[in-house]
Structures are given as structure tokens and as C-alpha cells.
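Everything on this sheet refers to the single structure shown next.
Laboratory data are not the source of any read-out in this text; all were calculated from the coordinates shown. Bear in mind the structure is a predicted one, so any value in this text is a computation, not a measurement. A quick note on method: Cβ atoms are made from the backbone with ideal geometry, for glycine too, and the neighbour counts reach across all protein chains shown.
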Amino acid sequence: MAHILLRHRDIPDIDKLSVYKKNGGFAAYKNAVTKMKPNEVADVVKNSGLRGRGGAGFPTGMKWSFADKNSWPHYIIANGDESEPGTFKDREIMENNPFQFLEGLATGAYATGSNTAYIYLRGEFWQVAEFLDGKIAEMEEAGYLGEKIFGTDFSLRIYTHLGAGAYICGEETALLESLEGRRGQPRVRPPFPPSEGLYGKPTIINNVETFTNVPMILANGADWYKSMGTADSAGVKIFSLSGRVRKPGNYELPFGTTFRQLIYEHGMGVQDGRPIKSIMPAGASSSVIVVDEKVLDTPLDYASVRTFGSELGSASIIVLDDTVEMNWVINKTVHFFKHESCGKCTPCREGTHWMRYLTERIELGDATSADVDLLLNVAKQMQGKCLCALGEFSTMAVVTSIERFADDFKKAVKA
């Protein structure tokens, strides 16, 4: 099956404007701007079943339609922060298939009535920002950006913006705060960005992978896209596979592909032939799944993964074999979340501090079973009380590891 998103694997030099145009590049964008109304473009995306690829999985076309028509100007933002441990798909797209991503962003701008678009990138992606700036300049010179595009009244400018390497800025309202020049901390919601976002104006924010789907959907139609994947999750997804697999990497596959197919057919199985102990399907922020034959044959889509008490998220799938102790895993994840907590809300600021203290005690062999109970209690007390999802995410692996892998913690603590 030819790639839809990672087309550079099939088409050499597709990052060059001439090659991208030769392979149908910008035709969908031109057709949308010259022959379709903005709401018609949004309807095609809505009918395709495309869901956001940043983690939440919200229907993309529906989000586009939420932009407040009574307040102007509108803004559109591509979230390229990509700070989730285990996620590395967006960088591959931006570095290797940049024009398809930029075409999708430009089309989204037209559909949402936006004349200004931003690409928000994590601070470590400064080379990616320079690369994209060059591609944006090429598009401007070719007439795909600027004033009166394709001879119409539509105008658009795209800008890259580097954050400061903060995980929290992947959260859309913290991203907006950072983009406005303030400290990256979440806003209280409502209001939500489609009604009051950047500079207090309607703003649509989608993930890089989400936008990269758009040109192919418009070129081939909503039914074509829905013909792939499942009823719950249409189309293809880039699965970032890592952990104890023999061949980690990005794999673009239809939703509905099973864990077994991803790990054993594409990832070439587990190192040293060890059995799989658990899977973290959404990176460090996910619940851990106890693996058995039923789990391995589960389709990878939003609804199916949820039946095991976890989320697919951005599909950063970390595979852990039987050599990995879960107390070690949560010590790593909690340290990360404590470091990345913005400190704005008390449950997350204090909760991650005490979880780190307790996971360190357990990892060093200085803890008792009472410490494990206290750790579980702290994590559960945080849930549902934090200002944004970071606090909630920090507890997921902790709670599920203790509840599902109790023997690991019994072995790690004193009597």
C-alpha cells in the first residue's frame, strides 16, 4: 500500500517543490480556494471522519466549523510541539514531506477563514523551523501564499514559532500563552480556542499529522478516506513504535491494524524473543496494558484500545518485555512529569513532587508497602482535579502499574 502521509518513502525528493507539484501537489488546495466555499471544504473533511492526531482524537471538520463567525480575525495553528516521550512522527513529516503538511495547513486556513497561520514548534526543533521557513518562502514565490492567492480574494501568511522546549506547551491553551509571549501555562476553559484563542480571537489548533491528511482527502474524496480504517477511526495513522522491539520506527498503517501485526510483522518482534509484559499505547502519559493474546489481537483504533482502560492518544506505542520492572517505569515517567509541570495548579505541582519522592524511595529499595499505598492514594487524589491534562497524564502509568502489576512492587519494597 502506497503511503498517504509518509510519501517520501515512495517518492524520492518529494521535499522539493517541483517534485511535489509533479505528484499532484497543491492541486487540491487550488481547487478548494478557487471552486469551493470554506464551509464546503470543512464539510468534506468532516465527512471523511478525520480525527485529530495529536491525542484527543476530536473530529477535525467539526472543530473547523466551531470557529466563531461573529468575531474576526481568525487564526489557525499547527501544533508541532511533539514533546510526548515515544512520539516522533511529526518531525519525520516536517523534515521529509513538508509541502503536503503546508498545503494541508493552508487549506485549513481557507476553510476556517484564517489569513494568518502559525506553526508552533518545540524549542529543540530550530533546524526544522529553518527548513520550513525555506519551504514557506518557496510557496510565497510560487504564488501559493501571499495576497490574492490564485487570483481570488484569499490571502495567507504562514509563520514558524519556536517554544522553549516545554512539554506543557503541547496543551493548546498553554501553546497560545507561549505564542503570545507569556509563560506557557494552561488557561481556564471555557472559553475554548475556537471562540476565544490567540489574541482573544477565534483560533483552530490541529496537529501536524492531522493537516497532512487534508490534501489527500480533498484530492480523493471523503468516501476514499473512510474506506480505510474502522467505523470509529477512519483512515491511516502513523504509529511511533519504540521500547523493547527489534525494529522501532514510524509505521503508517490503517486504523484497525492489530497490536500483533504492528509489533511482530512491522517491528520484527521483541528483542531476544522475550514475551511482552505490557504496552503503553500513548507514550509516557498512558495507562499500561497487561498483555495477553486477546490484547495482541486488538485493533488499533480509539474505541478498541479504550476497552482495556487506556487511550490510543498520539499512538506512541512503547513495548515493555518481561525484563522490565514497572516500578522502574513509573519512576522514569513521574520524574519527567514533575520536571515538566508548569506549577500553576496545586494538585499537579504538589502531586508530582510527592509522587517523585515516593517512586524514588521504591526504586532505591527504601520503601515499604505503606509507601506504595500512599503513592497510589496521591495519584488518585490528583485525578480529576488538575487544570489541564498533564496532571492527569502523570498519574495514569502510576495507578495502572500498581493495580495491574502488584507483584513488581511487592518485590521492590521492604516487608
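Tell me the angle of helix 389-404 to the major Cα principal axis of the chain, expressed in degrees between 0 and 90 and rounded to the nearest ten.
40 degrees
Determine the equivalent ellipsoid of the range 326-412 by diagonalising the alpha-carbon gyration tensor, then write out the semi-axes as square roots of 5 times the eigenvalues, largest first, rounded to whole Å.
21, 12, 11
Taking the alpha-carbon centroid of each part, what is the distance from the range 224-289 to the range 29-46 in angstrom?
Taking the Cα centre of each part, the range 224-289 and the range 29-46 sit 33 Å apart.
Could you give the spread of the C-alpha atoms of the range 1-113 along their three principal axes, from largest to smallest, in whole angstroms?
Each principal axis gives a Cα extent; for the range 1-113 these are 44, 38, 27 Å.
Once you list every other residue whose beta carbon is under 15 Å from the beta carbon of ILE77, what net charge do they have if Lys and Arg are +1 and Asp and Glu are -1?
-3
For the chain, set up a Gaussian network in which alpha carbons nearer than 10 Å are linked by springs, and say which option among PHE125, PHE308, PHE259 fluctuates the most.
The residue with the greatest mean-square fluctuation here is PHE308.
Give me Rg/Rg_expected for the range 158-215, where Rg uses Cα atoms only and Rg_expected = 2.2 N^0.38 Å with N residues.
1.14
For the chain, give me the percentage of DSSP beta bridges that are antiparallel, rounded to the nearest 5 percent. Display every interim value, and only then the final one.
Details: 17 of 42 bridges.
Restricted to the chain, the bridges split so that about 40 percent are antiparallel.
If you restrict to DSSP beta bridges whose two residues both lie in the range 236-321, what percentage is antiparallel, to the nearest 5?
Working: 14 of 20 bridges.
Close to 70 percent.
Taking the mean number of other Cβ atoms within 10 Å as a proxy for protection, how do you rank 325-332, 242-249 from highest to lowest?
325-332, 242-249
Provide the packing ranking of 94-105, 354-365, i.e. peptides ordered by the mean count of other C-beta atoms within 10 Å per residue, highest first.
Ranking, from highest mean packing down: 94-105, 354-365.
With angles folded into 0 to 90 degrees, how steeply does helix 326-340 sit against the dominant principal axis of the chain? Use alpha carbons for both and round to 10.
Value to nearest ten degrees: 50.
Each residue of the range 109-124 in order: what ³J(HN,Hα) in whole Hz does its phi give by Karplus 6.51 cos²θ - 1.76 cosθ + 1.60, θ = phi - 60°, with x for Gly and Pro?
4, 4, 5, 9, x, 9, 9, 9, 10, 10, 10, 8, 10, 4, x, 6
Given contacts defined as C-alpha pairs under 8 Å and at least six residues apart, what's the relative contact order of the chain, whole-number percent?
Averaging sequence separation for qualifying contacts and normalising by length gives 16 percent for the chain.
How far is the Cα center of the range 52-72 from the Cα center of the range 133-174, in Å?
When both Cα centres are located, 18 Å separates them.
Please give me the summed charge of the neighbours of TYR29: other residues whose Cβ is under 12 Å from its Cβ, Lys and Arg +1, Asp and Glu -1.
Computed value for this residue: +2.
Any idea what the relative contact order of the range 331-386 is, in percent, if you count C-alpha pairs under 8 Å spaced at least 6 apart? Present the calculation step by step, with values, prior to reporting the outcome.
Numbers: 43 pairs, mean separation 20.8, N = 56.
Relative contact order comes out at 37 percent.
Determine ³J(HN,Hα), in whole Hz, for all residues of the range 306-323 in sequence, where each value follows from phi through the Karplus function 6.51 cos²θ - 1.76 cosθ + 1.60 and θ = phi - 60°; x replaces Gly and Pro.
Result, ordered by residue: 5, 5, 9, x, 9, 10, 6, x, 8, 6, 9, 8, 9, 9, 10, 9, 6, 8 Hz.
The chain: percent of C-alpha pairs farther apart than 34 Å? Write out the running numbers ahead of the final one.
Numbers: 26761 of 85905 pairs.
Beyond 34 Å sits 31 percent of the P(r) for the chain.
With θ set to phi - 60° and the Karplus curve 6.51 cos²θ - 1.76 cosθ + 1.60, what are the ³J(HN,Hα) couplings of the range 72-80 in order, to the nearest whole Hz, using x for Gly and Pro?
Along the range 72-80, the couplings run 9, x, 9, 10, 10, 9, 9, 7, x Hz.
When you count, for each residue, the other Cβ atoms within 10 Å and take the mean per peptide, how do 53-65, 310-322 rank with the highest first?
Numbers: 53-65: 20.6, 310-322: 23.3.
Sorting 53-65, 310-322 by mean packing, highest first, produces 310-322, 53-65.
Checking the cross-link filter: which lysines have an alpha carbon closer than 16 Å to that of LYS344, excluding same-chain neighbours under 8 positions apart?
Within the straight-line limit of under 16 Å, LYS344 reaches these lysines: LYS385.
Convex hull volume of the Cα atoms in the range 66-169, per residue, in Å³?
108 Å³
Taking 25 °C and 0.890 mPa s as the conditions, I'd like the Stokes-Einstein D for the range 205-298 in µm²/s, using the Kirkwood hydrodynamic radius from alpha carbon pairs.
On the way: Rh = 14.7 Å.
It comes out at roughly 166 µm²/s.
Compute the angle between helix 346-364 and the longest alpha-carbon principal axis of the chain, please, reported from 0 to 90 degrees and rounded to the nearest 10.
50 degrees
Would you mind checking the pairs LYS89/LYS247; LYS35/LYS148; LYS237/LYS338; LYS338/LYS414; LYS22/LYS135; LYS63/LYS148 and listing those with alpha carbons more than 20 angstrom apart? Intermediate values should be presented prior to the final figure.
Details: LYS89/LYS247 15 Å; LYS35/LYS148 15 Å; LYS237/LYS338 30 Å; LYS338/LYS414 25 Å; LYS22/LYS135 16 Å; LYS63/LYS148 26 Å.
Table pairs above 20 Å Cα-Cα are LYS237/LYS338; LYS338/LYS414; LYS63/LYS148.
For Cα pairs less than 8 Å apart in space and 6+ apart in sequence, what is the mean separation divided by the residue count of the range 236-321, i.e. the relative contact order in percent?
Computed over the range 236-321, the figure is 37 percent.
For a label point 7 angstrom out from the Cα of ASP68 toward its Cβ, which stretches of the range 179-199 have the backbone nitrogen within less than 14 Å?
189-199
Mind checking Rg over Rh on the range 7-222, alpha carbons, Kirkwood formula for Rh? Provide the component values of the computation, followed by the final result.
Numbers: Rg = 15.9 Å, Rh = 17.1 Å.
Result for the range 7-222 is an Rg/Rh of 0.93.
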